[in-house]
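Read the structure below first, then the notes.
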Amino acid sequence: MKRFAQLGLAAVLALGPFTGSAFAQQGQSAAPAVQAQAKDVESIDGIVAALYDVISGPAGKERDWNRMRSLFVADGTLRAVVPKDGAFVIRTMTVDDYITRNSPHFASNGFFESEVARTTEVFGQVAQVFSTYQSKHASSDAQPFARGINSIQLYNDGKRWHIVSVLWRGEDANLKLPERYLKKQ
């Protein structure tokens, strides 16, 4: 294993098939358990819009959690960079963890998250989307209560796009969004 640590991931994967652990899934798609709507997953624009749409709504509005599940690979994750004890840590959630954690909040609070700007890079079946977001309690609010960046990693299996992970960091007093992430591209 020490030999593998010195090689780098691309070189290790090029060595050939593995058995056991996560590498046993080589060549298999971790398909979601729920069928996605074609319009949600046929393009990067569609899947990013669906992600924002499914989590947004007024207080008490039941979110379509099966729709959210359908956007992600089966083992997809959501991660938030959050302050803790003078440093920063990553809070990791599965899609179901996110649903469990946020459903009670959404039952009594409006939450509308929308994309302000986006930077996208694509290489074959892999895409990286830096999506600047703003969050409001009501869609009509003049000012957002939060802004930040959603870093969304996507994978295309030849039939559709899947979200592999979302990692986000909110803006705060010490870290403001740079102008380049506030401009539509």
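The values are calculated or read from the model by the stated rules, or taken from the named source; none is laboratory data. Because the structure is a prediction, the values reported are computed rather than measured. Please note: Cβ atoms are built from the backbone with ideal geometry, for glycine as well, and neighbour counts cover all protein chains shown. Side chains are part of the model used for accessible areas, which takes the heavy atoms of the whole protein and leaves out ligands, DNA and RNA. Shrake-Rupley method; radii C 1.70, N 1.55, O 1.52, S 1.80 Å.
Checked against (1) at pLDDT below 95; (2) touching a strand residue (DSSP E or B) at 6+ places or on another chain (Cβ under 8 Å), VAL166 passes all but condition (1).
Here is a yes/no grid of residues against (1) under 26 Å from THR120 (Cα atoms); (2) out of contact with any strand residue (DSSP E or B) (no Cβ under 6 Å at 6 or more places or on another chain); (3) among the polar types (S, T, N, Q):
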residue	(1), (2), (3)
ALA38	yes, yes, no
GLU42	yes, yes, no
GLY46	yes, yes, no
TYR52	yes, no, no
ARG67	yes, yes, no
ALA74	yes, yes, no
VAL82	yes, no, no
PHE88	yes, no, no
THR100	no, yes, yes
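Cβ separations smaller than 6 Å between residues 6+ apart or across chains give the following pairs from the range 49-77 residues that are touching a residue at least 60 places away in the same chain (Cβ under 8 Å) to residues that are among the small types (Gly, Ala, Ser): TYR52/SER114; PRO58/GLY110; LEU71/ALA50; VAL73/ALA30; THR77/SER165.
Taking the listed residues ALA107, ALA146, the one that is modelled with pLDDT of 95 or more, farther than 25 Å from PRO83 by Cβ, open to solvent by 30 Å² or more (accessible area, probe 1.4 Å) and of a type in the set (A, V, I, L, M) is ALA107, with no other qualifying.
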